[in-house]
């Protein structure tokens, strides 16, 4: 029979829900035994296990306490935030699970005590090893959870003893609060600020004493004021010294010019010049000439012209005439002179300038000494003002530090008082209570037992059915032999055996019968091939 048989209008058989239910009916005994066995095993295990009790506590992370910042500023800002960030909540969770907190809980609650099983599995274990192992076990047993959209941290712990579960969480709360206080508010701040305040108070008193002694040395006058006055006078004297030096230079220049003028100016001046004959000389010469001529005449009466006396007289006459002619040719000049007023003025101005120069030079020396004294005095006063400024700054700094540390000391005392009264940013929202009901409910164990037994029994049944090689449905025949099933006749049989696939007939006109040995409905299936 070819594939055209599938086009005759008959619907091919398929695997239906009926077939699935049939599998359960075929192996109902096995399924029932598996279900009962697994359920009993789970229930017995639940009864054998000791009951566990679950205690729970809750911590609230808030912002009720505002701590000042420890800084050198007088008005330190406050650490205030409106909301608690996720990082801060996670930090608190890590503090809860820190090694020292858990170790304190372990040692306080006796979780590191030696047990029989511990001695068997860990012989030779030291106390520190047991403590570390208990800390690891406690960290894994603690159930920490940050409740969504809140600042609440939930902590749960299960134990076979309800008192132990409550005590572990109570000890954990106390150890965690101590750790939070230690981390966020270190101890010793008040003592530190107290020491620093006393130190700066002593320093302030010392500087004030030095300032008092310094004021006594200065007769109560501030060096700065004296320095300003000295500098004003120094400026005045320096100006006068500069003026005097300018006057000296001017005088020296004036003296040089006057000396040059004095060398070029005559001391006297001709005021009148008269020219004329010297009448007395002329008269004397003429009288002498007349006398000589008379004497020559007298001698000529007696002697010859060659006579020596006559010759001598002639010579005298000639000399007298020559002198008379010379005198008449060179008239006598009479000049009248007087003292030069310009020279006198130059001389007087030169003397005055020299006198002024001497005065200016003496004033310059005096002013130089005065200026040097004032300059040295100003220098000393400047050094004293610097010293006074240093003392004032030291006093101001010591006073500011004293006030600052006094304020910080009071803030630290307030913080310590708040720490002692447990006013923290973390509070216990729910104290651990003594649990009275176990965490494992019998109804839950029954439901788990039913679900587990159902799953195991169904799995075993389907595995057995899958391992069975006999034909049970028309769909299996069609899937295995790849021939159409012409008919399936149900039969009722109390007992029977299934024919194996190896015993079924194959070929044209052969038929096969599957019999269910559990008394269920059986079918006679006829299959065959038809030729075109």
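The values are calculated or read from the model by the stated rules, or taken from the named source; none is laboratory data. If you're wondering where the values come from, they're calculated on a predicted model, not measured in any experiment. Ideal geometry is used to build each Cβ from the backbone, glycine not excepted, and the neighbour counts take in all protein chains shown.
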Any hit, the range 375-398, residues being assigned to a helix (DSSP H, G or I), over 30 Å from residue 232 (Cβ atoms) and outside the structural domain of residue 286 (by TED's automatic domain parsing): yes
Residue list for the range 42-67, restricted to those being in contact with a helix residue (DSSP H, G or I) (Cβ under 8 Å, 6 or more places away or on another chain), at pLDDT 70 or above and part of a helix (DSSP H, G or I): 42, 43
Flag for residue 363 being modelled with pLDDT of 75 or more, closer than 30 Å to residue 249 by Cα and touching a helix residue (DSSP H, G or I) at 6+ places or on another chain (Cβ under 6 Å): yes
Selection from the range 168-191 of residues that are crowded, with 16+ Cβ neighbours inside 10 Å, at pLDDT 80 or above and out of contact with any strand residue (DSSP E or B) (no Cβ under 9 Å at 6 or more places or on another chain): 171, 175, 179
Qualifying residue in the range 262-273 (condition: in a loop (DSSP other than H, G, I, E, B) and surrounded by 15 or more Cβ atoms within 10 Å (Cβ to Cβ)): yes
Residue 291 in contact with a strand residue (DSSP E or B) (Cβ under 7 Å, 6 or more places away or on another chain) and under 30 Å from residue 328 (Cβ atoms): no
Near pairs, Cβ below 7 angstrom, 6+ apart or cross-chain, from the range 448-459 (not assigned by TED's automatic domain parsing to the domain that holds residue 29) to any residue that is part of a helix (DSSP H, G or I) and surrounded by 15 or more Cβ atoms within 10 Å (Cβ to Cβ): none
